[in-house]
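Worksheet: one structure, shown below.
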Amino acid sequence: MALQRKLIIKGGVGRALLDTSKLGCKFTLEQSPRGWKMQIADVQAELAASLESMIQEIHFFYYEDDEELRSHHKWWLSDLDCPVMSYDPQSATLTIEVSERVGFTVDSSEHGQK
């Protein structure tokens, strides 16, 4: 089984607002001069506007899971000030830049393991 990657954007109360694995959105995560840049494809304009309106309240999580190797990694992406977000309606691409990426242990309950 190949490496499974997903990006989840959650609201301040922990509710998932965008989950790339559930929506089937392709995304990239790469280092940038500001810190880290996420580009998410196929995002509806209404969702992008909603996320932009609560930019200071949302949290970003990046997961890499490899069931075969039993490897699970999770990073919290944040900004020391305020994330920078832009939306390109022509390509339906949402771009978010943050200053920090912090890795931490993944709770096995997030992966359906008991």
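Please verify whether residue 11 is within 22 Å of residue 81 (Cβ to Cβ), surrounded by 13 or more Cβ atoms within 10 Å (Cβ to Cβ), at pLDDT below 95 and among the small types (Gly, Ala, Ser), treating the condition exactly as stated. Reasoning before the result, please.
Working: within 22 Å of residue 81 (Cβ to Cβ): yes; surrounded by 13 or more Cβ atoms within 10 Å (Cβ to Cβ): yes; at pLDDT below 95: yes; among the small types (Gly, Ala, Ser): yes.
Yes, satisfied.
Here is a yes/no grid of residues against (1) modelled with pLDDT under 95; (2) out of contact with any His (no Cβ under 8 Å at 6 or more places or on another chain); (3) under 27 Å from residue 105 (Cβ atoms):
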site: 28; (1), (2), (3): no, yes, yes
site: 52; (1), (2), (3): no, yes, no
site: 59; (1), (2), (3): yes, yes, yes
site: 69; (1), (2), (3): yes, yes, yes
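Identify, please: which residue in the range 30-66 is among the aromatic types (Phe, Trp, Tyr) and surrounded by 20 or more Cβ atoms within 10 Å (Cβ to Cβ) and is, among those, farthest from residue 11 (Cα to Cα)? In this case the residue turns out to be 36.
Among the residues of the range 82-109, the ones that are assigned to a loop (DSSP other than H, G, I, E, B), farther than 11 Å from residue 35 by Cβ and without any contact (Cβ under 8 Å) to a residue 40 or more places away in the chain come to 4 in all.
Kindly establish whether residue 52 is out of contact with any helix residue (DSSP H, G or I) (no Cβ under 7 Å at 6 or more places or on another chain) and more than 19 Å from residue 97 (Cβ to Cβ). No, not satisfied.
For the range 1-48, taking the residues that are among the hydroxyl-bearing types (Ser, Thr, Tyr) and free of Cβ contacts under 8 Å to residues at least 40 places away in the same chain, the one that is farthest from residue 63 (Cα to Cα) is identified as 28. Taking the numbered list (1) surrounded by 11 or more Cβ atoms within 10 Å (Cβ to Cβ); (2) modelled with pLDDT under 95 in turn, residue 109 passes all entries but (1). Residue 71 satisfies every condition listed in (1) out of contact with any Ser or Thr (no Cβ under 7 Å at 6 or more places or on another chain); (2) surrounded by 10 or more Cβ atoms within 10 Å (Cβ to Cβ); (3) touching a residue at least 24 places away in the same chain (Cβ under 8 Å); (4) among the polar types (S, T, N, Q) except (3).
Residue under question is residue 46, and the condition is that it be at pLDDT below 95 and not in a strand (DSSP E or B); does it hold? Reasoning before the result, please.
Working: at pLDDT below 95: no; not in a strand (DSSP E or B): yes.
No.
Regarding residue 39, is this residue modelled with pLDDT of 95 or more, more than 20 Å from residue 104 (Cα to Cα), of a type outside the set (Asp, Glu) and not in a loop (DSSP other than H, G, I, E, B)? Taking the combined requirement at face value, the residue satisfies it. Here residue 20 meets the list (1) polar (S, T, N, Q); (2) within 17 Å of residue 9 (Cβ to Cβ); (3) surrounded by fewer than 16 Cβ atoms within 10 Å (Cβ to Cβ) almost entirely, failing just condition (3).
The values are calculated or read from the model by the stated rules, or taken from the named source; none is laboratory data. All figures in this text were calculated on a predicted structure; none of them were measured in a lab. Ideal geometry is used to build each Cβ from the backbone, glycine not excepted, and the neighbour counts take in all protein chains shown.
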